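Structure record follows, encoded as structure tokens.
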């Protein structure tokens, strides 16, 4: 069953609850009583009790970090963050717009690790960056030409309902 989607488990709190169960086992309380006091399912308490009997309190400690260790260390992430703040022009790009390809290039230049641009978003989110649109408009923008296109050209190319109404 697990947790509802988006609800994260507090592993420290879960460990504290198991260790509390161990201290209650030490006091001689039954599994049913431990289950009632901690408001957990009896099967969980039974599993904890078996582990506690076999290996003591250390069996109820939380497991280490799951999954692969991150390749980038905190200092490297800090350097990437500084590089992002300098802007893509500092890397020789012509515009001040960050793309995932450019960020991947920044990461590779600074750390030597190559990341797929699709994965770069995870790193950017962990640094507190989000997708943004440029604030300004193009300096070459011709407002009169745009209005003329909207008034004249767009109606010409826009699809119109067919005049054929019946079979």
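See the values below:
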{"read-out": "Matching residues in the range 54-75 - criterion: being loosely packed, with under 10 Cβ neighbours inside 10 Å and either in contact with a helix residue (DSSP H, G or I) (Cβ under 6 Å, 6 or more places away or on another chain) or closer than 30 Å to residue 109 by Cα (or both)", "value": "65, 66, 67, 68, 69, 74, 75"}
{"read-out": "Only one of 15, 33, 78 that is assigned by TED's automatic domain parsing to the domain that holds residue 113 and either in a loop (DSSP other than H, G, I, E, B) or loosely packed, with under 15 Cβ neighbours inside 10 Å (or both)", "value": "78"}
{"read-out": "Only one of 150, 114, 159 that is modelled with pLDDT of 90 or more and in a loop (DSSP other than H, G, I, E, B)", "value": "114"}
{"read-out": "Considering residues of the range 87-118 that are surrounded by fewer than 13 Cβ atoms within 10 Å (Cβ to Cβ) and under 17 Å from the mean Cα position of the chain (by Cα) only, the residue nearest to residue 136 (Cα to Cα)", "value": "118"}
{"read-out": "Residue among 114, 160 that alone is without any contact (Cβ under 8 Å) to a residue 12 or more places away in the chain, in contact with a helix residue (DSSP H, G or I) (Cβ under 7 Å, 6 or more places away or on another chain) and not assigned by TED's automatic domain parsing to the domain that holds residue 19", "value": "114"}
{"read-out": "Hey, residue 84 assigned to a loop (DSSP other than H, G, I, E, B), at pLDDT below 95 and either crowded, with 16+ Cβ neighbours inside 10 Å or in the same structural domain as residue 102 (by TED's automatic domain parsing) (or both) or not", "value": "no"}
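The values are calculated or read from the model by the stated rules, or taken from the named source; none is laboratory data. In this text the structure is predicted, and so the values were computed from the model without any measurement. Cβ sites come from the backbone with ideal geometry, for glycine too, and all protein chains shown count toward neighbours.
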